[in-house]
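In what follows, a single structure is set out as structure tokens and then discussed.
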Amino acid sequence: MNRLDTGGDSLNSPPLSSLSLEALKIEAVKLRIDILRMLNAAGSGHPGGSLSIVDILTVLFARHIRRVRPGIPDPERDRFVLSKGHGVPALYAVFARLGIIPREELLTLRKLGTRLQGHPHNGSLPYVEASTGSLGQGVSIAQGMALAARLDKSERRVYTILGDGEIQEGQMWEAFLSAAKYRLDNLIAILDYNKGQIDGFTSDVMNIDPVTDKLVSFGWEVQRIDGHDFPAIDAALEAAKTREGRPHFIVADTVKGKGVSFMEHNAEWHGKAPNDQETAAAVEELEQLLIPAMASQS
Amino acid sequence: MKTPTRISFGETISELGGEDSAIVVFDADLAKSTQSIRFGKRFPDRFFEMGIQEQNMIGTAAGMALSGKKPFICSFATFVVGRFETIRMSIAYSNAPVVIVGTHCGIGVGEDGYSQMALEDIALMRSLPGMHVIHPADDVETRQVVRYLVEHPHPAYLRLTRQAVPDVHGEDYVFRFGKADPLRPGRDAVVFCCGPVVSHALDSAETLALEGYDVRVVNIHTIKPLDIDTVVAAARETGRVVTVEDHSIIGGLGSAIAETLGEILPTPILRIGIRDVFGESGSSEALYEKHGLDAKGITLQIRAFLEGTPAFHRANSSAG
């Protein structure tokens, strides 16, 4: 199972930035396969919340985040902070697709000596902008980066993805207050509203709704989208660039475990790696989605 | 002269703000108390009033530091260090060069009582990999430490006093990061001390000298990284070690010294500090007297230690 044959190969594929939204949708399927194989090789990790954000990450890094590319990080790059650090396998898969890390390195996830720590560590890997994984801290960090960009009179934007369970943390609401106070319109926060957390449904564990109303009342510009609808993701990220004077929130309704039928909507797959058999079944299911794409290419 | 070291900080950082435009200062609704307001008045564009949000202040400053700024975040020591796990992730593990400025350290806070007193902060900050911990003794030292921290960006904790503390250094003093600061020679014992009680230790050494005890006094302004060479040499030369700090004896300077000597050169040690109890309201002077941290109390304990009398053993039976 420790092979990466049909996933998101960066060497033999066109750059993500050159692809249409329709083609990016296929890339995201390949990235899902990489994520499952990484987690299987690691023997632990978080498939549910990685699969729910991979479509957003694909569109974000392909079409919106500027100057994140292989090589020495450019100080004028846009920043991305994965506040919900447990979703990091999805980020590593995107980094491999961008050519920032070799694709075979994905199989080192969580193993001793790896750059691919189980949760993001900025000291281990370029473009991991901060260490996260203890929930609730990413918006504050992203806000500091956005304030620094303003002090530098720079056009840098800062993006962050939060979990729905994560915003139960009090520090998040501190940052929601302060980003509005500082009118950080170069800050774009995306809520991965996949409705689940470790102990069950978010609405049962500690309900966050009506989350959109709450964020609006805190002074944010809020959009709500289907987080697996590529044109909607792209349009929301585009709209978040144009408005001025307020921080931007994109509440993305997503499906935990998206793309793998037996993982979808199942809290059990929050923090459990698929075994060989489960990985094979999941990859087979995903590969079905690649067949029409391959046929159209030949 | 006596100066609260928070004022030394506030004046120095506002001076340096004119020299280095990367300096940014944050406060959490205590800008007048921490004296960060001095910077805020001169550089309003680089001063961030975060309201009563210590965690958000920590994270925001970390983001700034990771984008090339030099943030100083200010609050009462216990309020900011109390958000330990946020410091652990956003500053320490992210290697974000933020200087955490904790004022109102120790029982020296006085009348406000325990809730406002940091008695465990050195222990917490010292446990984080890579975190520098500096606790200056007086005005001159604090000013030089602040300049050092601006010029050497690194995750750091700066521990300052509410109350005025007497000068123990002359104007010609030179602060050296990570190097112990010998204040008085002596062969019978060495007192390692830091912060507002350094002057008490010096006064105590004067009194003991009159009784024929030759007590060395060394100011450990940098608690982490500890000047191990100087600590071990002083222990070897005197054979008796005393630590004095306005902090719990669990995890603070006394622990740092005891851990070091325990591994390298086991030496009889007396730790003078807060003995595993909470603080309370009272004047600084009254509290220092109650906890044996005034010159008189320090003298009594060191005398008993050197004489090996029962008073020393009784005093040391209750904690840690």
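The values are calculated or read from the model by the stated rules, or taken from the named source; none is laboratory data. Predicted, not measured: the structure shown is a model, and the values here were computed from it. Glycine gets a Cβ as well: all are built from the backbone with ideal geometry, and neighbour counts include every protein chain shown. When the accessible area is computed, the model is the full protein with side chains, heavy atoms only, and any ligands, DNA or RNA have been set aside. Shrake-Rupley method; radii C 1.70, N 1.55, O 1.52, S 1.80 Å.
Per-residue answers, yes or no, for (1) more than 21 Å from A:Ile188 (Cβ to Cβ); (2) open to solvent by less than 50 Å² (accessible area, probe 1.4 Å); (3) of a type in the set (A, V, I, L, M):
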{"residue": "A:Pro231", "(1), (2), (3)": "no, no, no"}
{"residue": "A:His270", "(1), (2), (3)": "yes, yes, no"}
{"residue": "A:Ala273", "(1), (2), (3)": "yes, yes, yes"}
{"residue": "A:Asp276", "(1), (2), (3)": "yes, no, no"}
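The residues in the range A:69-89 that are without any contact (Cβ under 8 Å) to a residue 60 or more places away in the chain and either open to solvent by 10 Å² or more (accessible area, probe 1.4 Å) or away from every other protein chain (no Cβ under 12 Å) (or both) can be counted, and the count is 9.
Could you list all residues from the range A:118-140 that are more than 17 Å from A:Ala189 (Cβ to Cβ) and either crowded, with 24+ Cβ neighbours inside 10 Å or facing chain B (nearest Cβ under 10 Å) (or both)?
Taking the range A:118-140 as the starting set, the residues that turn out to be more than 17 Å from A:Ala189 (Cβ to Cβ) are A:118-119, A:121-128, A:131, A:133-134.
Within the range A:118-140, A:His119, A:His121, A:Asn122, A:Gly123, A:Val128, A:Ser131, A:Gly133, A:Ser134 meet the criteria.
Could you list all residues from the range B:124-139 that are open to solvent by 10 Å² or more (accessible area, probe 1.4 Å) and either touching a helix residue (DSSP H, G or I) at 6+ places or on another chain (Cβ under 7 Å) or under 18 Å from B:Thr103 (Cβ atoms) (or both)? Those that are open to solvent by 10 Å² or more (accessible area, probe 1.4 Å) and either touching a helix residue (DSSP H, G or I) at 6+ places or on another chain (Cβ under 7 Å) or under 18 Å from B:Thr103 (Cβ atoms) (or both): B:Leu124, B:Arg126, B:Pro129, B:Gly130, B:His132, B:Asp139.
I'd like the residue in the range A:215-234 that is part of a helix (DSSP H, G or I) and in contact with a helix residue (DSSP H, G or I) (Cβ under 8 Å, 6 or more places away or on another chain) and, out of all such residues, is farthest from A:His86 (Cα to Cα).
As a first pass, look at the range A:215-234 and keep what is part of a helix (DSSP H, G or I): A:215-217, A:230-234.
Narrowing further to those that are in contact with a helix residue (DSSP H, G or I) (Cβ under 8 Å, 6 or more places away or on another chain): A:215, A:230-231, A:233-234.
Numbers: A:Leu215: 24, A:Phe230: 23, A:Pro231: 26, A:Ile233: 21, A:Asp234: 24 Å.
Checked the range A:215-234; the qualifying residue farthest from A:His86 (Cα to Cα) is A:Pro231.
One residue alone among A:Leu215, A:Leu184 is more than 9 Å from chain B (Cβ to nearest Cβ), surrounded by 20 or more Cβ atoms within 10 Å (Cβ to Cβ) and within 29 Å of A:Asp74 (Cβ to Cβ), and that residue is A:Leu184. Filtered by the rule that a residue be part of a helix (DSSP H, G or I) and within 7 Å of another protein chain (Cβ to nearest Cβ), the range B:59-106 gives B:Gly59, B:Thr60, B:Ala61, B:Ala62, B:Gly63, B:Met64, B:Glu85, B:Thr86, B:Met89, B:Ser90, B:Tyr93.
Could you tell me whether the range A:41-48 includes any residue that is open to solvent by less than 30 Å² (accessible area, probe 1.4 Å), under 25 Å from B:Arg88 (Cα atoms) and of a type in the set (Ser, Thr, Tyr)? Among the residues of the range A:41-48, not one is open to solvent by less than 30 Å² (accessible area, probe 1.4 Å), under 25 Å from B:Arg88 (Cα atoms) and of a type in the set (Ser, Thr, Tyr), which makes the answer no.
Select the strands (runs of 3 or more DSSP E) contained entirely in the range B:169-272, then report the ones holding at least 2 residues which are open to solvent by less than 20 Å² (accessible area, probe 1.4 Å) and farther than 23 Å from B:Glu289 by Cα. Before the answer, list the steps.
Details: elements: B:181-184, B:189-193, B:215-219, B:222-224, B:241-248.
Fully inside the range B:169-272 and qualifying: B:222-224.
Selection of first residues in the range B:95-113 that are buried (at least 22 other Cβ atoms within 10 Å of the Cβ) and of second residues that are charged (D, E, K, R) and assigned to a loop (DSSP other than H, G, I, E, B), restricted to Cβ pairs under 7 Å at least 6 apart or on distinct chains, gives the following pairs, ordered by first then second residue: B:Thr103/B:Arg162; B:His104/B:Arg162; B:Gly108/B:Arg162; B:Val109/B:Arg162. Within the range B:21-47, the set of residues being surrounded by fewer than 24 Cβ atoms within 10 Å (Cβ to Cβ) and either of a type in the set (Ser, Thr, Tyr) or within 13 Å of another protein chain (Cβ to nearest Cβ) (or both) comprises B:Ser21, B:Ala22, B:Ile23, B:Asp29, B:Ser33, B:Phe43, B:Pro44, B:Asp45, B:Arg46, B:Phe47.
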